[in-house]
Every structure is written in structure tokens, then in C-alpha cells.
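For reference, the structure is listed below as C-alpha cells.
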Amino acid sequence: MALDDRIRQRQVWLTVAIVGLSIWVALEFLTPIAWAAVLAIAEWPLFRRALRRYSNKAGWLAFGFTIATALLVILPLSLAAVSLAQESDTALAWLNHAQQYGIQMPSWLPGLPLIGGRVATYWQQHVGDAKAAHALLGTISATSVIAWIRSIGGEVARESALFLVTLLALVSLLARGVQIAEKAKLIAVGMFGGFGGEFVERITGAVRATVNGTILVSVLEGSIIGVGYAVAGVPQPLLFATFTIILALVPFGAWAAFGLASLILLGTDHILAGGLLFGFAAVVMTIGDNVVQPSVIGSAVELPFLMALVGAFGGLAEMGLVGLFVGPVIMAALLLVTREWLERTPPSRFGDGGVGQS
């Protein structure tokens, strides 16, 4: 082996070791940094337009974009927190009443065909009776609810600290975005040739399309369904709309939100309103997820349904909310690499006929 080859090999191993150590040191902050990278890529076209107009103020522009991003995240969550706090007294009062007197059965329940009588009997035995309701809900008390809220508060405090890291990283990534993009492409081309440069461009486009398409469609779906909440008479329609927008980021998540709203209406004997709300929301979600979102994302992420589903849920399980965007992009990267290998693989010596053909 030539001296240059041995030196090159040592350089490669040194690079691998340093990268490994860097990941180990920054392990706790990889998720907020990933969030910052996703947000920076998603906001880059808009940021670049502003940068063309104010080319000598990249730092201030990055700071302004970061503040705007923080407000877009914090305001909806603050609205949801305030609404929940306002409703906490009502919820505790309902819980105490249910424990003492049971939960009243909806008047339409016994009239259901075939199963109405059995369901009504089960309800009365396990929920409607005061003793049964106390046995079911007796472990829930104001003390346990307060303890649960405190545990959530601690988790929120931790996530807020990590979110601050995300914002600091976002400022840096936006301010130095041009240099970072150029160096990333140079490194990719140097390591993998022409495919490396194309790979970086395709993955960047996939991240941008996935984030912008998912968020845009989630906001549209949640807002339209929120109008349905207000018309149908759902209590706290703005709170439900906020949760619908957030849950719409997760595959099938919004169905839980408007399904619960429909059940609340059905439980208060608003049968027609509950049924119409569920049908209206289901139509909105079906059109949004199957027509609008694919057209918004376009051809940047050409993933089969199974790979997209595994990427979204797998990313969510491993990385939290950021995994909803990173997971499908990783699947897209896998698809790109697989196609590159397949295109470079020479045809089998057996020809097109397959194994066994002479």
C-alpha cells in the first residue's frame, strides 16, 4: 500500500472517531439540533428572498425569523394551556358529580337497533349507577390530577429548555446558511461524486416539501374543522381546533380530536350535530390527506405508502415530533441510495430470463 493511501486511510479513521465522539458529546441535543435543521431548511426559500433585499443584515434577519418561529410555536400552545386551565375547575366539578351520582345515560342509547338494550344495561351497571361510577372513577381525585399536572409541568420545563437550544441553533443555521449549504455540497461531492451533490439537493427538497406540506395541510384541516366545531356547538371550539391542528401532524391523529368532539355532542343528546360533524371532518381529512397534501408536497418525496407510514410512526417513536418529518426523509434517503445501487448493478449473466436460463 502506498504511503499516500495509508495516510488517507488514517485520515478517514480519524474523521470517523471525531464524528463519533462529537455525536456522543452532543447526544442529548441531537433532537433540538435536528429540529433547527428541519426548520432552517423549511424556511430557507423565504429567508433567502429577504436576504437578497438586505444582504448585509443576515444576522438580524436570522434573529427575526427565529423570533417569528418561536411565536408561531408558543402562541398556540399558550392558548391551549390557558383554555385547559380555565376548564380545569369545570372538569373537577363534573368528576365529583359523576363519582357521587353516576354518569347520566344519553337518551338515544337504548334506541339503538339490535345492541341498544344491552349497551344501556351495561351503561347502567358500570357507569350510570353511583356505586359503579365511584368504583370506576374513585381513584381519580383533585390531588392525583394536580400531581399529574405537576409532572407535565416538569416535562414542559425540560422541553422548553431544549426548545431554547433549537432556537439558538436556528439563528446560527440561518445566518450561515449559504456557507453551510456550499460546504455540505462540496463534502458530498468529494465523498460520493456526482451522486453526493444530487443526494444533498434531493434530501433538502424532501425535508422542505415534507415540513411545509404537512404543516400547511394540518393548519388548513384544523381551521376548517374548527369552523365545524363552532357551528355544531362543541364546547371550547378554539381549543379543539388547536388540538386538531397539532394532532393533524400525526397520521390519523386528528381523527381522535374530532371523534372526541363528536362523542361529546352525542353524549349530550345532540345526535344530528355529532353525526354531521364527524362526517364533515372525515371528508375534510380525506381530501386533505389524499388530494391536497400530495399536490403540495409534489414529487420531492416519492415514497410508497408503507415506507411513508413506517417513517412517520418510527420517527415519532424514536425522536418525538421532529421524527414525523425526519423519519420519512430517512426513508426517502434509503430509496435514493437503493435506486442508485440498482442502476449501477450490472445485469445478471443469466439474462432477462432469470435463474436457470442458459
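Right, VAL200: buried (at least 22 other Cβ atoms within 10 Å of the Cβ) and within 26 Å of ALA181 (Cα to Cα) or not? Spell out the reasoning first.
Values: buried (at least 22 other Cβ atoms within 10 Å of the Cβ): no; within 26 Å of ALA181 (Cα to Cα): yes.
No, not satisfied.
Here's the yes/no breakdown for (1) surrounded by fewer than 16 Cβ atoms within 10 Å (Cβ to Cβ); (2) modelled with pLDDT under 80:
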residue	(1), (2)
GLY279	yes, no
PRO304	yes, yes
ALA308	no, yes
LEU316	no, yes
MET331	no, no
LEU342	yes, yes
PHE350	yes, yes
GLY353	yes, yes
GLN357	yes, yes
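Just a yes or no: is a residue in the stretch 177-195 within 30 Å of LEU75 (Cβ to Cβ) and either in a loop (DSSP other than H, G, I, E, B) or among the hydroxyl-bearing types (Ser, Thr, Tyr) (or both)?
no
Would you tally the residues in the stretch 232-252 being within 19 Å of ALA312 (Cβ to Cβ), open to solvent by 60 Å² or more (accessible area, probe 1.4 Å) and in a loop (DSSP other than H, G, I, E, B)?
Result for the stretch 232-252: 1.
Considering (1) farther than 29 Å from LEU334 by Cα; (2) at pLDDT 85 or above; (3) exposed (fewer than 11 other Cβ atoms within 10 Å of the Cβ), say which one ARG150 fails and leave the rest.
It is condition (2) that ARG150 fails.
So which residues in the stretch 1-53 are closer than 30 Å to THR210 by Cβ, among the polar types (S, T, N, Q) and more than 17 Å from the chain's Cα centre (by Cα)? Explain how you work it out, then say what you get.
Residues of the stretch 1-53 closer than 30 Å to THR210 by Cβ: 15-16, 19-20, 22-53.
Of the ones still in play, those that are also among the polar types (S, T, N, Q) are 15, 22, 31.
Correct list: THR15, SER22.
Which numbered condition in (1) within 17 Å of ALA333 (Cβ to Cβ); (2) open to solvent by less than 70 Å² (accessible area, probe 1.4 Å) is the only one that ILE187 fails?
(2)
Sort out which residues of the stretch 1-56 are outside any helix (DSSP H, G or I) and either open to solvent by less than 60 Å² (accessible area, probe 1.4 Å) or touching a residue at least 24 places away in the same chain (Cβ under 8 Å) (or both), and write them in order of number. Show your work before the answer.
Here is the first cut: in the stretch 1-56, the ones outside any helix (DSSP H, G or I) are 1-2, 26, 54-56.
Once the filter is applied, which keeps residues that are outside any helix (DSSP H, G or I) and either open to solvent by less than 60 Å² (accessible area, probe 1.4 Å) or touching a residue at least 24 places away in the same chain (Cβ under 8 Å) (or both), the stretch 1-56 yields ALA2, ALA26.
Among the residues of the stretch 216-231, is there at least one that is open to solvent by 30 Å² or more (accessible area, probe 1.4 Å), part of a helix (DSSP H, G or I) and touching a Phe, Trp or Tyr at 6+ places or on another chain (Cβ under 8 Å)? Let's see the steps before the verdict.
Of the residues in the stretch 216-231, the ones open to solvent by 30 Å² or more (accessible area, probe 1.4 Å) are 216, 219-220, 223-224, 227, 230-231.
The next check asks that each one be part of a helix (DSSP H, G or I); those that pass are 216, 219-220, 223-224, 227, 230-231.
Next cut, touching a Phe, Trp or Tyr at 6+ places or on another chain (Cβ under 8 Å) only: none.
Within the stretch 216-231 (the criterion being open to solvent by 30 Å² or more (accessible area, probe 1.4 Å), part of a helix (DSSP H, G or I) and touching a Phe, Trp or Tyr at 6+ places or on another chain (Cβ under 8 Å)), the answer is no, since none of the residues qualifies.
Would you tally the residues in the stretch 253-279 being part of a loop (DSSP other than H, G, I, E, B) and out of contact with any Phe, Trp or Tyr (no Cβ under 7 Å at 6 or more places or on another chain)? Explain how you work it out, then say what you get.
At the first step, the residues of the stretch 253-279 found to be part of a loop (DSSP other than H, G, I, E, B) are 268-270.
Narrowing further to those that are out of contact with any Phe, Trp or Tyr (no Cβ under 7 Å at 6 or more places or on another chain): 268, 270.
Qualifying residue count, the stretch 253-279: 2.
Is the stretch 62-73 home to any residue that is at pLDDT below 80 and surrounded by 13 or more Cβ atoms within 10 Å (Cβ to Cβ)? Lay out the reasoning, then the answer.
Our first condition is that a residue be at pLDDT below 80; within the stretch 62-73, this holds for 73.
Still in the running and surrounded by 13 or more Cβ atoms within 10 Å (Cβ to Cβ): 73.
Among the residues of the stretch 62-73, at least one is at pLDDT below 80 and surrounded by 13 or more Cβ atoms within 10 Å (Cβ to Cβ), which makes the answer yes.
The values are calculated or read from the model by the stated rules, or taken from the named source; none is laboratory data. Quantities reported herein were computed from a predicted structural model and do not represent experimental measurements. Cβ atoms come from the backbone with ideal geometry, glycine included; neighbour counts cover every protein chain shown. Just the protein is used for accessible areas: all its heavy atoms, side chains included, with ligands, DNA and RNA removed. Shrake-Rupley method; radii C 1.70, N 1.55, O 1.52, S 1.80 Å.
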